[in-house]
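**Student:** Take a look at the following structure, please.
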Amino acid sequence: MEEIRSKKKIVHEKIPVKVYNDSEEASKAVAHEIALLIKRKKTEGWACVLGLATGTTPKSVYKELIRLHREEGLSFQHVVSFNLDEYYPMQPDSLQSYVRFMYEQLFNHVDIPKENIFIPDGTLLPEAVKKYCEAYEEKIDALGGIDFQLLGIGGNGHIGFNEPGSLAGSKMRLMMLDQSTRVSAAAEFGGQLSKVPRKAITLGVEKILQAKRIVLLAWGEKKATAVKSAIEGHVDENFPASYLQLHDNAEFYLDEGAALELTHIKSPWLFENVNWNMPLIKKAVTNLSLSVSKPILKLTNKDYNDNGLSDLLAGYGDAYDINIEVFNQLQHTITGWPGGKPDADDTLRPERAKPEKKRCLIFSPHPDDDIISMGGTFQRLVDQGHDVHVAYQTSGNIAVADDEALRFIDFVVDFNNKFGIINEETISIYNKAKAFLENKR
Ligand code: F6R
């Protein structure tokens, strides 16, 4: 397990960060830290109190904990666990319940006593929630507080379900979910936003911050902006993960994707002497152009100097020359002849001129990525006579809410009726789809 960077000293980063090659390595590191803590507390004669999270992110940690239990005899007999949150209302056996999630992902596979497991109850009557939350927090306090709190992060900066606006002193409570949280959760609810609960019970920020140790995990580029705001931004109630800056033993474990927006990764030249090569120069100059909002060809020596790129100037000459070099490189990646121009000297272009007609394969992870991201290029390849194929890598059905699908078929049925178009087949598709969607689980 190789930790590739630990950058505690970097001033930009107000929370220590560990960046790993991938989420598996990072998860193993976290699981091992938890295992050591469980063992240490046991030797000291204490229960180990874990604060646990659900969602996609911690699954790989739970997998490793199960492996440690099965193969290396890690026992959970002395573990007490408190989960962060649960949708409200929610039956514990529902597919989307965090109770079900925790049993399937961890508890069914380790020896934790059932009476040591605490997960917020989504079946309470509204009037019972307040007392329940108070008792939940008291139970945590009675055990001496949370020893280790595992967290994920929402794109809007939520931790647990403490949505933007949550105060640092917020208690465990019923919380209205942010629209963005509900949209992200819709896939778990068969793509139907209307089925995503509007509320959740969540541990408050206060209890999270009282944990003795906090590790927040984030994987993939889609978390990179949120991670940067939490670590480098101001402490801000509109971005609850930034409260972790107030904790003296919180740490972020990231894979490379989630770390991409951190300044020390995006602009390493600001922190250390780098070996300038063309890809790095291109990255620095394009970043500079974006950050000073100027076209590359208008960047000046002063822009370079003011933005930590003086050693690039020292090694490579004037801004003028560097600008032109980078501009040309970028310009050569753009062409009206994406398949190569017949009989042209295309040594500096992205695609070779010969053979003139090519077979092209467009990978479109999601149907419509091809059209949305490269519709013009696609069209030109066809117009220029290439043999063009597309590989769709998913049917894309989960990105289309069920009611949207029905609405469109409904529209076609109405349209056909209105304009006297034979309609039996469409009506039958509509009825079949409706019956299917109503009964699907
Ligand atoms: C879940 C929780 C949430 C998630 C967050 C990230 O118990 O508390 O804050 O950690 O929404 O979710 P994933 O991991 O699915 O990206």
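The values are calculated or read from the model by the stated rules, or taken from the named source; none is laboratory data. Predicted, not measured: the structure shown is a model, and the values here were computed from it. In this analysis, Cβ positions are derived from the backbone assuming ideal geometry, glycine residues included, and neighbour counts consider all displayed protein chains. We work out accessible area using only protein heavy atoms, side chains counted, and drop any ligands, DNA or RNA first. Shrake-Rupley method; radii C 1.70, N 1.55, O 1.52, S 1.80 Å.
**Student:** What are the residues in the stretch 390-438 that are aliphatic (A, V, I, L, M), more than 31 Å from the chain's Cα centre (by Cα) and open to solvent by 90 Å² or more (accessible area, probe 1.4 Å), if any?
**Tutor:** Taking the stretch 390-438 first, the residues aliphatic (A, V, I, L, M) are 390-391, 398-401, 405-406, 409, 412-413, 421-422, 427, 429, 433, 435, 437.
Then drop every residue that is not more than 31 Å from the chain's Cα centre (by Cα), which leaves 409, 412-413, 421-422, 427, 429, 433, 435.
If the condition is that a residue be aliphatic (A, V, I, L, M), more than 31 Å from the chain's Cα centre (by Cα) and open to solvent by 90 Å² or more (accessible area, probe 1.4 Å), then ILE422 is the only one that fits.
**Student:** Counting only residues that are near the ligand (Cβ under 9 Å from one of its atoms), polar (S, T, N, Q) and open to solvent by 10 Å² or more (accessible area, probe 1.4 Å), how many does the stretch 157-186 have? Before the answer, list the steps.
**Tutor:** The initial filter retains those residues of the stretch 157-186 that are near the ligand (Cβ under 9 Å from one of its atoms), namely 158-162, 181, 184-185.
With the extra rule that they be polar (S, T, N, Q), the set shrinks to 162, 181, 184.
Filter once more, so that each one left must be open to solvent by 10 Å² or more (accessible area, probe 1.4 Å): 181, 184.
Here the count works out to 2.
**Student:** Another question, then. Within the stretch 58-69, how many residues turn out to be open to solvent by 20 Å² or more (accessible area, probe 1.4 Å) and within 16 Å of the ligand (Cβ to nearest atom)?
**Tutor:** 3
**Student:** Continuing with this model, one more query. Any chance you could count how many residues in the stretch 242-265 are loosely packed, with under 15 Cβ neighbours inside 10 Å and part of a helix (DSSP H, G or I)? Show your work before the answer.
**Tutor:** Looking only at the stretch 242-265, we keep the residues that are loosely packed, with under 15 Cβ neighbours inside 10 Å, and these are 246, 248-249.
Filter once more, keeping what is part of a helix (DSSP H, G or I): 246.
Summing the residues that are loosely packed, with under 15 Cβ neighbours inside 10 Å and part of a helix (DSSP H, G or I) in the stretch 242-265 gives 1.
**Student:** What's the number of the condition TYR103 fails, among (1) out of contact with any Asp or Glu (no Cβ under 6 Å at 6 or more places or on another chain); (2) within 12 Å of the ligand (Cβ to nearest atom); (3) within 27 Å of GLU138 (Cα to Cα); (4) not β-branched (Val, Ile, Thr)?
**Tutor:** If we test TYR103 against (1) out of contact with any Asp or Glu (no Cβ under 6 Å at 6 or more places or on another chain); (2) within 12 Å of the ligand (Cβ to nearest atom); (3) within 27 Å of GLU138 (Cα to Cα); (4) not β-branched (Val, Ile, Thr), just (2) comes out false.
**Student:** How many residues does the stretch 92-106 hold that are in contact with a helix residue (DSSP H, G or I) (Cβ under 8 Å, 6 or more places away or on another chain) and either of a type in the set (Gly, Ala, Ser) or crowded, with 17+ Cβ neighbours inside 10 Å (or both)?
**Tutor:** The initial filter retains those residues of the stretch 92-106 that are in contact with a helix residue (DSSP H, G or I) (Cβ under 8 Å, 6 or more places away or on another chain), namely 92-96, 105-106.
Still in the list and also either of a type in the set (Gly, Ala, Ser) or crowded, with 17+ Cβ neighbours inside 10 Å (or both): 94, 96, 105-106.
Residues flagged as in contact with a helix residue (DSSP H, G or I) (Cβ under 8 Å, 6 or more places away or on another chain) and either of a type in the set (Gly, Ala, Ser) or crowded, with 17+ Cβ neighbours inside 10 Å (or both) within the stretch 92-106 amount to 4.
**Student:** Go through the stretch 340-362 and give me each residue that's under 16 Å from THR377 (Cβ atoms) and touching a helix residue (DSSP H, G or I) at 6+ places or on another chain (Cβ under 9 Å).
**Tutor:** Hits for the stretch 340-362 are LYS358, CYS360, ILE362.
**Student:** Something else about it: Only one of (1) in a loop (DSSP other than H, G, I, E, B); (2) open to solvent by 70 Å² or more (accessible area, probe 1.4 Å) is not met by GLY308, so which one is it?
**Tutor:** GLY308 satisfies every listed condition except (2).
**Student:** A further question follows. Could you go through the stretch 311-326 and let me know if any residue there is in contact with a Ser or Thr (Cβ under 7 Å, 6 or more places away or on another chain), farther than 30 Å from ASN397 by Cα, at pLDDT 95 or above and loosely packed, with under 15 Cβ neighbours inside 10 Å.
**Tutor:** no
**Student:** Looking at the stretch 204-249 only, could you name the residues that are touching a strand residue (DSSP E or B) at 6+ places or on another chain (Cβ under 9 Å), small (Gly, Ala, Ser) and more than 11 Å from LEU151 (Cβ to Cβ)?
**Tutor:** GLY204, GLY220, ALA224, ALA226
Residues checked against (1) crowded, with 22+ Cβ neighbours inside 10 Å; (2) within 16 Å of the ligand (Cβ to nearest atom):
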position: GLU71; (1), (2): no, no
position: SER75; (1), (2): no, no
position: ASN83; (1), (2): yes, yes
position: ILE112; (1), (2): no, no
position: GLU115; (1), (2): no, no
position: PHE118; (1), (2): no, yes
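**Student:** All but one of (1) open to solvent by 70 Å² or more (accessible area, probe 1.4 Å); (2) not in a loop (DSSP other than H, G, I, E, B) hold for GLN329, so report the exception by its number.
**Tutor:** (1)
**Student:** Taking THR123 as the residue in question, decide whether it is under 30 Å from ASN439 (Cα atoms), among the β-branched types (Val, Ile, Thr), more than 12 Å from the ligand (Cβ to nearest atom) and in the same structural domain as ASP22 (by TED's automatic domain parsing).
**Tutor:** Details: under 30 Å from ASN439 (Cα atoms): yes; among the β-branched types (Val, Ile, Thr): yes; more than 12 Å from the ligand (Cβ to nearest atom): yes; in the same structural domain as ASP22 (by TED's automatic domain parsing): yes.
In short, yes.
**Student:** Against the condition crowded, with 20+ Cβ neighbours inside 10 Å and touching a Cys at 6+ places or on another chain (Cβ under 8 Å), how does VAL79 come out, does it pass?
**Tutor:** Working: crowded, with 20+ Cβ neighbours inside 10 Å: yes; touching a Cys at 6+ places or on another chain (Cβ under 8 Å): yes.
In short, yes.
**Student:** Separate question: Looking at the stretch 178-192, can you tell me whether even one residue there is more than 23 Å from the chain's Cα centre (by Cα), under 30 Å from VAL19 (Cβ atoms) and not aliphatic (A, V, I, L, M)?
**Tutor:** no
**Student:** Could you please tell me which pairs satisfy a Cβ distance under 8 Å, a separation of 6+ or placement on different chains, a first residue in the stretch 369-380 that is free of Cβ contacts under 8 Å to residues at least 40 places away in the same chain, and a second residue that is in a helix (DSSP H, G or I) and open to solvent by 50 Å² or more (accessible area, probe 1.4 Å)?
**Tutor:** Note: pairs meeting the criteria are PHE378/ILE371.
**Student:** Filter the stretch 240-253 down to the residues that are within 15 Å of the ligand (Cβ to nearest atom) and either under 15 Å from the mean Cα position of the chain (by Cα) or closer than 17 Å to THR263 by Cβ (or both) and list them by number. Break it down stepwise before answering.
**Tutor:** We begin by selecting, within the stretch 240-253, every residue within 15 Å of the ligand (Cβ to nearest atom); these are 240-244, 250, 252-253.
Passing the criteria: ALA241, SER242, PHE252, TYR253.
**Student:** Limited to the stretch 197-238, what total is found for residues that are away from the ligand (no atom under 13 Å from the Cβ), assigned to a loop (DSSP other than H, G, I, E, B) and open to solvent by less than 40 Å² (accessible area, probe 1.4 Å)?
**Tutor:** Count: 4.
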